[in-house]
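Encoded as structure tokens, the structure appears first; notes follow it.
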Amino acid sequence: MLDGRLLAEWPPAALARRRAMLSQQVRLGFGFRVDEVVMLGRSPYAVRRDSPADRRIAEAALHAAHAWHLRGRDYLELSGGEQQRVQLARVLAQVWEGDDGARWLLLDEPEAGLDIAHQHFVLRRARLLACQGYGVIAVLHDLNLAARYADEVALLERGRLLRHGPPGEALEPRVLSDVYGLPMRRVETGDRGWILAPL
């Protein structure tokens, strides 16, 4: 459901204006330019093709995803990490300005294929969007990234919800040790934070 309404009752374009999905890998079979890929995110709004407002939003999304310098390149010639940043720009363009109501960003392993700096960049961007009122749901396998950026964590095992709550409660080392079959511990850092590590 979205806003108390079954997903099947939403017109597809209206639903696309309210939520966008970033998969861990998106395959494109054609040599689109990067700016064309990002403009695909504006297609749920298309009254006429390539409106100046849509172009401005796509450009802002490219800047926000640190992908502006890639805008004229062939998407298929980019590295996996560059493609992931372009896809981030596409989903940002999709929910940048929409209808009234909550907008959602669904992230499936958004850090996949990215170097450590860009992993943190993408999750900081997601955190900023959450602070601006977007709903952000991310699937992460990196426990430390989840602990650092999430307000709430849902720990799943074989489709079953084991824990749900703030990272400090949901990512309890004893439970993680049982889930992963690997003894885990919490290591305090000097900045009042902590990381999870195997024993």
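The values are calculated or read from the model by the stated rules, or taken from the named source; none is laboratory data. This one's a predicted model, so the numbers in the text were calculated from it and none came from an experiment. Counting neighbours? That spans all protein chains shown, and the Cβs are built from the backbone with ideal geometry, glycine included.
At a glance:
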read-out: Single match in Ala102, Ala126 (criterion: within 15 Å of the chain's Cα centre (by Cα) and of a type in the set (A, V, I, L, M)); value: Ala126
read-out: Contacts under 6 angstrom Cβ, first residue in the range 27-44 being modelled with pLDDT of 90 or more, partner of a type in the set (Phe, Trp, Tyr) and part of a helix (DSSP H, G or I), 6 or more apart; value: Phe32/Tyr75; Val34/Tyr75; Val37/Tyr75
read-out: Test: residue in the range 35-51 that is closer than 19 Å to Gly113 by Cα and loosely packed, with under 12 Cβ neighbours inside 10 Å; value: no
read-out: Out of Tyr134, Tyr149, Tyr75, sole residue that is under 24 Å from Leu196 (Cα atoms) and hydroxyl-bearing (Ser, Thr, Tyr); value: Tyr149
read-out: Among the residues listed as Gly133, Gly159, the single one being at positive phi and over 15 Å from the mean Cα position of the chain (by Cα); value: Gly159
read-out: Candidate set from the range 155-164 (those that are surrounded by fewer than 18 Cβ atoms within 10 Å (Cβ to Cβ) and either out of contact with any Leu (no Cβ under 9 Å at 6 or more places or on another chain) or in contact (Cβ under 8 Å) with a residue 24 or more places away in the chain (or both)); member that is farthest from Gly113 (Cα to Cα); value: Arg160
read-out: Residues (surrounded by fewer than 16 Cβ atoms within 10 Å (Cβ to Cβ) and in contact (Cβ under 8 Å) with a residue 40 or more places away in the chain) located in the range 81-103; value: Glu97, Asp99, Gly101, Ala102
read-out: Test: residue in the range 131-154 that is under 30 Å from Arg85 (Cβ atoms), polar (S, T, N, Q) and without any contact (Cβ under 8 Å) to a residue 12 or more places away in the chain; value: yes
read-out: Subset of the range 153-187 (residues that are assigned to a strand (DSSP E or B) and either farther than 22 Å from Arg127 by Cβ or modelled with pLDDT under 90 (or both)); value: Glu157, Arg160, Leu161, Leu162, Met184, Arg185, Val187
